[in-house]
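We did not get these values from a lab; they are worked out from the coordinates using the rules stated. Not measured: the values here are computed from a predicted model. Please note: Cβ atoms are built from the backbone with ideal geometry, for glycine as well, and neighbour counts cover all protein chains shown.
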Amino acid sequence: MEAVVTVAVDVPLIGDERHKNWAKVVHNVDTDKSTGWAYDGEFVATGGIQDLDAPCVLLVYGEKGSKANPQMEARVYVVNTDGTLSQHGAATGRAWARTIRDTVAELLATDVPTVIPSREWGPELMEYADDALRTELKRREA
């Protein structure tokens, strides 16, 4: 993953906000480990908009249920250069880290295109204000 573009991404909140939940931009995976410590990277807040460098691999973890018996879930996303998330894996239960480790390692080894795909004009553009379209055009020309 070579060139990067900073995009605003809505990082999902998995599980219940009263329990553990976190997200991490993963840069490296230690394939000798089978726990959450295998994933190196920076933590980002969940449940809201975050500015992230794209493309990148985003690991999101959350728990729901009771404190005595939490139900764990983890999801692996690729942050696309258009600000969207593409889910590439998910795991539940106590073995979540090992279950998705190989998927994350493969994504990090894959060269993801950084070009924002262009589409033809569509009627959905009519929903945007003229000022919003002008601002986006200026941003893309910069």
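Computed from Cα positions, the angle between helix 96-109 and the longest principal axis of the chain comes to roughly 40 degrees. The magnitude of the dipole of region 39-139, with charges of +1 and -1 set on the Cβ of Lys/Arg and Asp/Glu and taken from the Cα centre, is near 540 debye.
Remark: region 34-50, residue by residue, has Karplus-estimated 3J(HN,Hα) of 10, 10, x, 6, 6, 9, 9, x, 9, 7, 10, 6, 9, x, x, 7, 10 Hz, where x stands for each Gly or Pro and the curve is 6.51 cos²θ - 1.76 cosθ + 1.60 at θ = phi - 60°.
Which value in deg cm²/dmol, rounded to the nearest 500, describes the helix-derived mean residue ellipticity at 222 nm for the chain, given -39,500 (n - 2.57) per DSSP H run of n ≥ 4 and division by the residue count? Can you show the working numbers first?
Numbers: 2 runs with 26 residues, N = 142.
So the helix-based figure for the chain works out to -6000 deg cm²/dmol.
Across region 11-27, coupling constants 3J(HN,Hα) worked out from phi with the 6.51/-1.76/1.60 Karplus curve, θ = phi - 60°, read 7, x, 9, 9, x, 10, 5, 7, 10, 4, 7, 7, 9, 9, 7, 8, 10 Hz, and Gly and Pro carry x.
Taken over the alpha carbons of the chain as equal point scatterers, the Debye sum produces base-10 log I(q)/I(0) values at 0.10, 0.12, 0.15, 0.18 Å⁻¹ of -0.41, -0.56, -0.80, -1.02.
What relative contact order, as a whole-number percentage, does the chain give when Cα pairs under 8 Å and 6 or more residues apart are counted? Show your work: numbers first, answer last.
Details: 271 pairs, mean separation 34.7, N = 142.
Once normalised by length, the contact order is 24 percent.
Using the alpha-carbon positions of region 21-77, Rg (one decimal) and Dmax (whole number) come out as 12.5, 37 Å.
Under 5 Å between amide hydrogens, built in the peptide plane, is the criterion, and for Val5 it picks out Ala54 among residues at least 5 positions away or on other chains. Once the Cβ-Cβ distance of Ser66 and Ala90 is raised to the sixth power relative to R0 = 22 Å, the FRET efficiency obtained is 0.50.
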